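Single-structure report; data block below.
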Amino acid sequence: MEKLLRDGRLYVFLEQIDKDFADEVQSRRCEHCGGVLHRGDYSRKPRGGPSWDRRYSFCCSRDGCRKRTTPPSVRFLGRKVYAGMVVVLVSAMLHGPSDRRLQWLREELPIDRRTLKRWREWWTGIFVQSAFWKAGRGRFARLMIQALMPLELVEAFGAHQMEGLVKLMKFLSPITTATCRPGVGM
Ligand SMILES: [Zn+2]
């Protein structure tokens, strides 16, 4: 998992998926009034990943509406300052971490303990109680152990490898949109 977090090909994949999500949203119109959507990206500076500096987002161009539509993202998990894949893989590593991993984490990604504790609480508390997870867990062949999230997801998707991680980030991407955010936001 450590190598994967630094693999430039993964970044390219995830960027492309976010672009596709954004194109799809823009090809539709404002869901409130039918107005044309214009780009209005959020600036972001996620840590622990490449220098992704914008989260795609759109604003309705019609006066009096101007509502925002933000596509799902495989790169950004909510408003977290860390790239989504870091939040997933590092949180998974927290379950039964080896000394070597902890050492690597300390050196490469100095994430403070409070943050790690919050991530763990989010996965094992808020995420597993979310409507998203309650609707989505049925697709897995076996019962997923809530206390071992997100390691259970990493294993189910084979997200130790790039292809699996991309699939997992796609699976999780609906929780990153504004419409899903209440109750699941980080
Ligand atoms: Zn509108």
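Points to keep in mind about this one:
- Using only alpha carbons, the range 128-168 has a radius of gyration to Kirkwood radius ratio (Rg to Rh) of 0.97.
- Over 30 Å (Cα to Cα) - which of K67/K170; K3/K134; K19/K80 fall in this group: K3/K134
- Within the chain, helix-based [θ] at 222 nm, where runs of 4 or more DSSP H residues each add -39,500 (n - 2.57), nearest 500: -12000 deg cm²/dmol
- FRET efficiency, T115 to L4 (Cβ-Cβ, R0 22 Å, nearest 0.05): 0.60
- Of the whole protein surface, Y42 contributes about 80 Å² of accessible area at a 1.4 Å probe radius.
- Solvent-accessible area per residue for the chain (1.4 angstrom probe, square angstrom): 54 Å²
- With a Förster radius of 45 Å applied to the C-beta separation of W104 and R68, the computed FRET efficiency comes to 0.75.
- Cα-Cα separations in the chain greater than 22 Å, expressed as whole percent: 47 percent
- Inter-site label distance for V36 and S61 at 7 Å from Cα along Cβ, in nm: 0.2 nm
- Overall form of the range 39-130 per C-alpha gyration tensor (a/c, 1.5; a/b vs b/c): prolate
- Using alpha-carbon coordinates, inclination of helix 84-93 to the longest axis of the chain, degrees: 20 degrees
- Spin-label model distance (nm) - A135 vs S43, 7 Å beyond Cα toward Cβ: 3.4 nm
- Heavy-atom accessible surface of the chain: percent carbon and sulfur, 1.4 Å: 50 percent
The values are calculated or read from the model by the stated rules, or taken from the named source; none is laboratory data. Remember, predicted model here, so these are calculated numbers, not experimental data. As a convention, Cβ positions derive from the backbone with ideal geometry for all residues, glycine included, and neighbour counts pool all protein chains shown. Accessible surface is based on the protein model in full, side chains and every heavy atom, while ligands, DNA and RNA are left aside. Shrake-Rupley method; radii C 1.70, N 1.55, O 1.52, S 1.80 Å.
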